[in-house]
1. Looking only at the range 330-371, filter to residues that are open to solvent by 10 Å² or more (accessible area, probe 1.4 Å) and β-branched (Val, Ile, Thr); which one of those is modelled with the lowest pLDDT?
2. From MET348, MET337, which residue is over 23 Å from the mean Cα position of the chain (by Cα), farther than 17 Å from SER266 by Cα and in a helix (DSSP H, G or I)?
3. If you go through the range 186-216, how many residues are aliphatic (A, V, I, L, M) and modelled with pLDDT of 90 or more?
4. Please determine, by comparing only the residues of the range 217-250 that are of a type in the set (Gly, Ala, Ser), out of contact with any His (no Cβ under 9 Å at 6 or more places or on another chain) and modelled with pLDDT of 85 or more, which one is surrounded by the fewest Cβ atoms within 10 Å (Cβ to Cβ).
5. Output the number of the condition that GLY166 fails; it satisfies all remaining conditions of (1) open to solvent by less than 10 Å² (accessible area, probe 1.4 Å); (2) over 19 Å from TYR388 (Cβ atoms); (3) modelled with pLDDT of 90 or more.
6. Is it the case that VAL308 is within 22 Å of ALA281 (Cβ to Cβ) and either surrounded by fewer than 17 Cβ atoms within 10 Å (Cβ to Cβ) or modelled with pLDDT under 95 (or both)?
7. Restricting to the range 29-43, and then to whatever is open to solvent by 30 Å² or more (accessible area, probe 1.4 Å) and more than 10 Å from ARG224 (Cα to Cα), can you tell me which residue is farthest from the chain's Cα centre (by Cα)?
8. How do the pairs read when you match residues in the range 362-375 that are more than 12 Å from VAL312 (Cβ to Cβ) and among the charged types (D, E, K, R) with residues anywhere that are modelled with pLDDT of 90 or more and crowded, with 24+ Cβ neighbours inside 10 Å, using Cβ under 9 Å and keeping only pairs 6 or more apart or on different chains?
Amino acid sequence: MTQSGNLDSTTPDTPLSAPRKAGSSPGEVRRVAVSAYLGNSIEFYDFLLYGSAAGVFFGPLFFPELDPITGVIASMATLGTGYLARPLGGLVLARVGDRHGRKRVLLATIVMMGLASGLIGLLPTYDQIGVAAPIMLVFLRLVQGFAAGGEWGGSSLMAAEHAPPGKRGLITAIGQAGLPTGGLLSALMLAVVSLLPSEQLMSWGWRIPFLLSFGLLGLALYVRTRISESPLFEEQKAATVQRVPLLHVLRRPVPLLRGVVATLPSSLPSTLFGSFAVAYAVGLGAERSHVLVALGFAWAGAVVTSPVYGWVSDRFGRRPLYLAATVGLAVCVYPLMLGIGSGSTPLMGFSFFAAFTFFSQAASAPLAAMLSEMYPTSSRFTGMTIAYQGASVVTGFFPVLASGLLAAAGGGRNIGWVALVVAAVAILAGASVWFGRESSGSDLRSV
């Protein structure tokens with residue numbers, strides 16, 4: 001039934017006359033979960049790999065005309081271009097996904113991400129082709145960012161829309177396990193190539209981790225070409241057309257705001273503990289290799305516990321698990337940061353492990369299911385993407401804020417103000433979810 005006065009919809013999201021298809025087969029659900037896992041693994045692998053390479057390799061390779069410090073700054077600036085492209089990519093790709101299907105977006109994002117990352121490993125350096133080299137590097141970074149803008153939302157909601165209601169937390173949490181997997185894989189690859197002599201490392205060794213993306217791309221494409229379109233999208237597309245899904249999301253500001261706030265504790269630890277805390281520990285005298293090993297064990301633990309937390313959210317609810325994670329983070333962030341900067345390798349390792357395994361992943365594992373249950377099918381891609389990318393933009397600048405707070409407090413182990421800000425964010429996020437409805441086991445058609 002046409003709604004003539006509505007700019008972004010021609011019919012209700014779940015018309016009574018629309019036939020409801022049977023759920024996806026167990027085999028299809030497994031393929032979709034693996035697809036989400038691989039996509040998130042590649043995204044986070046590329047993200048961390050590029051950041052590490054920008055700080056170590058890209059200065060002398062692509063900006064040799066600059067002095068060493070300025071060269072590192074210039075190479076880190078190329079890292080920021082990816083952040084600029086992510087929101088744009090998210091909005092464009094989410095609109096395509098809501099209007100034309102999730103699967104075609106997921107195929108596009110994985111191809112763009114895999115090719116861009118792999119091609120970085122084939123780039124000629126400044127000494128070979130001059131200024132064209134850094135220009136090509138920036139272009140490929142923009143492609144990475146554009147693709148990453150749509151990857152998480154698309155893969156997460158595809159898993160959510162295929163999963164049975166009673167297992168939605170578990171299935172989407174398998175996809176969430178790809179994030180720490182990417183971190184672990186990045187750390188392992190950098191550790192391996194760093195064993196090469198300096199001359200070989202700077203001539204060809206740095207390319208190996210990027211070239212690995214071609215292999216990951218092939219594996220992900222094989223899986224994604226074998227999955228079917230979201231059954232919920234297929235069910236509603238003939239009856240519902242969101243001409244402008246973004247308008248539909250913006251007209252419901254409460255779930256949109258809740259989605260952004262709820263995502264903060266999930267994305268904050270990767271920048272707080274995965275970036276700022278590493279520099280904090282090294283600055284207080286810890287060996288960089290020890291810090292990276294501790295971080296690797298923490299990521300490995302998060303891979304294992306993510307599906308467990310997803311199952312818990314199905315069994316006991318999203319809100320209790322999420323509240324436990326955010327309250328735990330608020331209470332423990334100060335002693336965890338003290339442990340990371342203590343100078344004791346065992347205590348540092350335990351602190352990293354607890355931060356990622358007990359708190360970060362407990363908030364991250366149920367996130368995809370929780371966000372999918374906030375938005376209707378016709379604008380779910382857009383809603384989830386805005387929430388995730390909006391929070392990522394905020395938390396992406398947290399290392400800068402944390403460094404400023406630490407400096408203002410006199411440096412050293414004066415980490416109190418940083419911990420206070422993190423605790424405030426965690427409590428705010430926990431409250432926003434707790435005062436919302438419990439959505440585990442709900443029918444996504446009724447959102």
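1. THR345
2. Of the residues listed, the single one that is over 23 Å from the mean Cα position of the chain (by Cα), farther than 17 Å from SER266 by Cα and in a helix (DSSP H, G or I) is MET348.
3. Residues flagged as aliphatic (A, V, I, L, M) and modelled with pLDDT of 90 or more within the range 186-216 amount to 3.
4. Within the range 217-250, the match that is surrounded by the fewest Cβ atoms within 10 Å (Cβ to Cβ) is GLY218.
5. For GLY166, the failing item is (1).
6. No; evaluated as a whole, the condition is false for this residue.
7. ARG30
8. GLU373/ALA160; GLU373/ARG168; GLU373/ARG318
The values are calculated or read from the model by the stated rules, or taken from the named source; none is laboratory data. Keep in mind the model is a prediction, meaning the values are calculated, not measured. Ideal geometry is used to build each Cβ from the backbone, glycine not excepted, and the neighbour counts take in all protein chains shown. Note: areas computed on protein heavy atoms with side chains; ligands, DNA, RNA excluded. Shrake-Rupley method; radii C 1.70, N 1.55, O 1.52, S 1.80 Å.
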